[in-house]
Every structure is written in C-alpha cells, then in structure tokens.
Amino acid sequence: MALALGLAGLAHRVHRVDIWAVPATRPAAFLAANPAAEVPVLILDGAAHVQSGAILLEIAGRFACLGGESAEGMRRARELVIWEANRIGMCLPQLKEAQRPGGEVFAPDVLDWLRMRFAADARRFDLLLGDTTFLHGDRPGVGDCAVWGYAQWLDAAGVMPTPSMAGWLGRMRGLDAMRSPEAFFPTR
C-alpha cells in the first residue's frame, strides 16, 4: 500500500503499528479504525479501508491511477490482486515465517507443499507477466504493488525467483518511489 501511494504521488502520513505486539495493546485510534487490529488500514475522507487488496483497488479506482485509469486496467487490477491474495500471497509469508528465528514451526511435508505451491505460482507469475515490463504493462499498477508485497521476501522465504520474476524484481527495485520496508515504515 505504501508503494502504491508513493507511485501514485498521493500525499499521506504513515503511522507504524507493531504487528508483533498483542493486538489489544495497539494504539486506540488504530483499533477504532480497524477492530480486527490488522494492518494495513487506510483512512480516506474519515472512512477506514482494510485488507491490502481492497485498499489497493480503492486507490486505483478512486484516484484513477495504477491501472484504475480505465475499465480494462481495473479488470486487470482485480485479477492480479485476487490472484496474489489466493496464491503467491498465501505461500510466501508462511515460508518466510518458517525461516524467521523463533518463527512458526511447520512439518516438513507442509513446507514441501508450500514450496511446491510457490513453484506453481512462479510459473503463473511468468504467464501473467508475459513479455511486458510490469504486470500492468509498461508501467506498474496496483497488481504489481500487491505481488511486490510478498515477492520482495523471496530470499527470506528460502525460494528462488524465475528469470522473468528476477527481472521484474529488479525493475520494481529501480522505481523512483521504491523504498525499503524500514524507509516506508520508519520507527520513531
């Protein structure tokens, strides 16, 4: 979401939330905006928007950017955001968590299944990217932002990108609006 806001050139403020803290101890304003105590949450015109994919689609549609400039672009955005949520965005965080010191311990057959699922997702990524620069064509869109949210962690998840994915990752890292997670969400 932070990348999408930066790519769209939308002014915004970031409030960091400790996702490792007990949810009930998170800031009161955050809990009021998002009773599920999950990140991210985006406040637009006083209304709270939750769930990464829904937020990205709201940004694209409301501000006619990052794929939201046309009906065709929004169709592509919906396909990519939903694919990310149901596929690559499911296996990569689990694999990353399994690598984190003190992280969740998964049975070896579960890890094998997650790696197999990532391999299938990587093949689908290649199909979705085709011969374009970004998943939305010659410019990145909200689908690229959604997939980037997880694909940036391939090394930490212990998996390798396909050559096409590696090229896309390099182009994403080279975007003017790109920042490290620490720069997007600085600690005070």
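The values are calculated or read from the model by the stated rules, or taken from the named source; none is laboratory data. Since this is a predicted model, take the numbers as computed values, not measurements. Cβ atoms come from the backbone with ideal geometry, glycine included; neighbour counts cover every protein chain shown.
On inspection, R62 qualifies as under 26 Å from A183 (Cβ atoms) and at pLDDT 95 or above.
Okay, residues lined up against (1) hydroxyl-bearing (S, T, Y); (2) part of a helix (DSSP H, G or I); (3) surrounded by 13 or more Cβ atoms within 10 Å (Cβ to Cβ); (4) in contact (Cβ under 8 Å) with a residue 24 or more places away in the chain:
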{"position": "V147", "(1), (2), (3), (4)": "no, yes, yes, yes"}
{"position": "P161", "(1), (2), (3), (4)": "no, no, yes, yes"}
{"position": "M165", "(1), (2), (3), (4)": "no, yes, yes, yes"}
{"position": "W168", "(1), (2), (3), (4)": "no, yes, yes, yes"}
{"position": "R179", "(1), (2), (3), (4)": "no, no, yes, yes"}
{"position": "E182", "(1), (2), (3), (4)": "no, yes, no, no"}
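Of the residues in region 112-128, at least one is part of a helix (DSSP H, G or I) and over 21 Å from P163 (Cα atoms). Being part of a helix (DSSP H, G or I), among the aliphatic types (A, V, I, L, M) and at pLDDT 95 or above is a description that does not apply to L92. Taking the criterion of being without any contact (Cβ under 8 Å) to a residue 60 or more places away in the chain and either among the hydroxyl-bearing types (S, T, Y) or not in a loop (DSSP other than H, G, I, E, B) (or both), the residues of region 48-71 that qualify are A48, H49, V50, A54, I55, E58, G61, R62, F63, S70, A71. How about region 1-47: which of its residues are surrounded by fewer than 12 Cβ atoms within 10 Å (Cβ to Cβ) and assigned to a helix (DSSP H, G or I)? Scanning region 1-47 gives A24, T25, A28, A29, A32. Restricting region 100-153 to residues that are touching a helix residue (DSSP H, G or I) at 6+ places or on another chain (Cβ under 6 Å) and of a type in the set (D, E) leaves a set whose member that is modelled with the lowest pLDDT is E104. Considering every residue within region 10-19, establish whether at least one is outside the structural domain of W113 (by TED's automatic domain parsing), without any contact (Cβ under 8 Å) to a residue 12 or more places away in the chain and closer than 29 Å to L111 by Cβ. Taking every residue of region 10-19 in turn, at least one turns out to be outside the structural domain of W113 (by TED's automatic domain parsing), without any contact (Cβ under 8 Å) to a residue 12 or more places away in the chain and closer than 29 Å to L111 by Cβ. Summed over region 68-114, the residues that are farther than 19 Å from F125 by Cα and small (G, A, S) give a count of 7. What residue, among those in region 97-109 that are in contact (Cβ under 8 Å) with a residue 12 or more places away in the chain and not in a loop (DSSP other than H, G, I, E, B), is surrounded by the most Cβ atoms within 10 Å (Cβ to Cβ)? Once the filter is applied, the top-ranked residue is A98.
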